[in-house]
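The values are calculated or read from the model by the stated rules, or taken from the named source; none is laboratory data. Here the structure is a predicted model, which means the values were calculated and not measured. Counting neighbours? That spans all protein chains shown, and the Cβs are built from the backbone with ideal geometry, glycine included.
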Amino acid sequence: MEFSKNEIVDILKDDSQNNWLFSLADRVRKEYVGDEVHLRGLIEFSNICRCTCKYCGLRCANKSVKRYRMSPDNIINTAKNACNAGYKTIVLQSGEDSFFSKEVMCNIISEIKKFDTALTLSIGERSFEDYKFFKQSGADRYLIRIETTDRNLYEKMHPSMSFDNRVRCLKDLKTLGYEAGTGCLVGLPEQTVESLAGDILFFKEIDADMIGIGPFISHPQTPLKDSLNGDFTLALKVMALTRIILKNVNIPATTAMETLNPEGRLIALQCGANVIMPNVTSSVYSENYDIYPNKAHLDEDIINSRQIIEGKIKSIGRTISKDYGFKRKLNN
Ligand code: 5AD
């Protein structure tokens, strides 16, 4: 289905057709990626970050967050436990922490790849060479959200970062043969529906394999502390349109959705999403992974949380995937 930017804007502005939009997204999801839900075990291994993103609680200027860094052995062990609990993908996520040099990361990657798992990295902007070595060590996928394609807003939100470098990262990852994931925040101050439509078209243009979309949630220890939270329904609509337009991509039901709505992830699974990323990090650490407040803490124990999530997924007639969950090929 092809939509022009103007058509996307009209749909985003008009709430009278939301039920039509969500059921269309659900049908497209079923047709292109089926009823299986892929579970990815998320390890938040360091909250140390050199960046100063205005919306993020982990920004280096926030002195009230207790910083931690898991040791490589601890990260590898956590991954092993998650694999033993049935996860077929491990996601390693952190702030932009320079301790995790190319060499340190490559060692962690090759150890984790000894387990029967796909491996995703989400560790920010790095050089082409770093990405190349991570890939050679066995990393399969990489997540780096563009956050917003409105260049002015991007530069306001990310002091001393560059939009062009962000795009360069995504292009490098595609060139190197990663499955590349990106996505955006919905509801940043001054963000327009026109730019959200641009975000969706950008995902298509760079041929993203995975797309994570979540509402902005105001964090009290950031410059955006007085801004309003993003709108749950608008985030859901951006996600639904992304499914309809990009068809066979993998789309997580994000934790930020669950933070704004207690059933947010289940609702998202019925509006186009087909992936959930349960947190498998020990809560000793993850309680300090304070990107935004009230980050849903559902996943205290790896085995228990998996059973709870599996139960919820089955309750809406969906199944749990047993494979690695790479992007499905288009049949045409
Ligand atoms: N609200 C919602 N999502 C946020 N992220 C960072 N800060 C916030 C916030 N305040 C998201 C960013 C980042 C991802 C890891 O978390 O989009 O890419």
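Quick look at the values:
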quantity: Verdict on residue 279 being at pLDDT below 95, polar (S, T, N, Q) and within 23 Å of residue 144 (Cβ to Cβ); calculated: yes
quantity: Residue match in region 297-320 (condition: small (Gly, Ala, Ser) and touching a Ser or Thr at 6+ places or on another chain (Cβ under 6 Å)); calculated: no
quantity: Residue within region 103-114 that is closer than 30 Å to residue 282 by Cβ, crowded, with 18+ Cβ neighbours inside 10 Å and within 16 Å of the ligand (Cβ to nearest atom) present; calculated: no
quantity: Neighbours by Cβ (under 7 Å, 6+ apart or cross-chain): first from region 22-37, outside any strand (DSSP E or B); second basic (Lys, Arg) and surrounded by 13 or more Cβ atoms within 10 Å (Cβ to Cβ); calculated: 25/243; 28/243; 28/247; 29/243; 32/247; 32/328; 33/328; 35/318
quantity: Selected residue [within 26 Å of residue 200 (Cβ to Cβ), more than 16 Å from the ligand (Cβ to nearest atom) and crowded, with 18+ Cβ neighbours inside 10 Å] from 131, 142, 154; calculated: 131
quantity: Number of the condition not met by residue 269 [criteria: (1) of a type in the set (A, V, I, L, M); (2) surrounded by 14 or more Cβ atoms within 10 Å (Cβ to Cβ); (3) modelled with pLDDT under 95]; calculated: (3)
quantity: Filter result for the condition that a residue is touching a residue at least 24 places away in the same chain (Cβ under 8 Å) and part of a loop (DSSP other than H, G, I, E, B), over 83, 53; calculated: 53
quantity: Filter result (surrounded by 17 or more Cβ atoms within 10 Å (Cβ to Cβ), within 14 Å of the ligand (Cβ to nearest atom) and not in a strand (DSSP E or B)) within region 209-220; calculated: 216, 217, 218, 219
quantity: Condition met for residue 166 (within 12 Å of the ligand (Cβ to nearest atom), closer than 21 Å to residue 200 by Cβ and not in a loop (DSSP other than H, G, I, E, B)); calculated: yes
quantity: Check on residue 187, touching a helix residue (DSSP H, G or I) at 6+ places or on another chain (Cβ under 7 Å) and within 15 Å of the ligand (Cβ to nearest atom); calculated: yes
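Residue-by-condition table, conditions (1) away from the ligand (no atom under 13 Å from the Cβ); (2) among the hydrophobic types (A, V, I, L, M, F, W, C); (3) not in a loop (DSSP other than H, G, I, E, B):
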site: 171; (1), (2), (3): yes, no, yes
site: 177; (1), (2), (3): yes, no, no
site: 183; (1), (2), (3): no, no, yes
site: 200; (1), (2), (3): yes, yes, yes
site: 207; (1), (2), (3): yes, no, no
site: 223; (1), (2), (3): no, no, no
site: 234; (1), (2), (3): yes, yes, yes
site: 242; (1), (2), (3): yes, no, yes
